[in-house]
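Reading through the structure tokens given below for one structure.
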Amino acid sequence: MHVRVSLVAAARSSSLLAERFDDDRPLDGAGWRSVESAARDLVPLGAAELRYCSPTPRSRATADALGYAPLAQPALRECDMGRWRGLTLGRGDRPRTRRGGPVAQ
């Protein structure tokens, strides 16, 4: 029995550029352009019998743009960043109040 597993990473969103912990932002312009430029090489992978993706907007948009029609699988979601979700790397290490706002410095 021969099994082939191919993994396609989601195109980028503005969160990655801003060094921000994932916050489910959609693909940005550069992300869409990268999908378009890679599509010709990646479209044949859509013939796979099973196709799965993370439920994040950028993963679903990447797969949909490639015509994969994947099944979203919660187990493929990126790491849960909890209270750091959406924060930049520089803000993620600051103390927080009980309500979630930054502590005045």
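The values are calculated or read from the model by the stated rules, or taken from the named source; none is laboratory data. This one's a predicted model, so the numbers in the text were calculated from it and none came from an experiment. Glycine also receives a Cβ, built like all others from the backbone with ideal geometry; neighbour counts cover every protein chain displayed. Each accessible area value is taken on the protein alone, full model and side chains, heavy atoms only, with ligands, DNA and RNA left out. Shrake-Rupley method; radii C 1.70, N 1.55, O 1.52, S 1.80 Å.
Judged by the mean number of other Cβ atoms found within 10 Å, the most tightly packed of the peptides 71-81, 25-35, 54-64 leads the ranking 54-64, 25-35, 71-81.
Amide hydrogen proximity for CYS53: with H placed 1.01 Å from N in the peptide plane, the residues at 5 or more positions away or on another chain lying under 5 Å are LEU71, ALA72, GLN73.
Counting only protein heavy atoms and using a 1.4 Å probe, what share of the accessible area of region 44-90 belongs to carbon plus sulfur, as a whole percent? Roughly 58 percent, rounded to a whole number.
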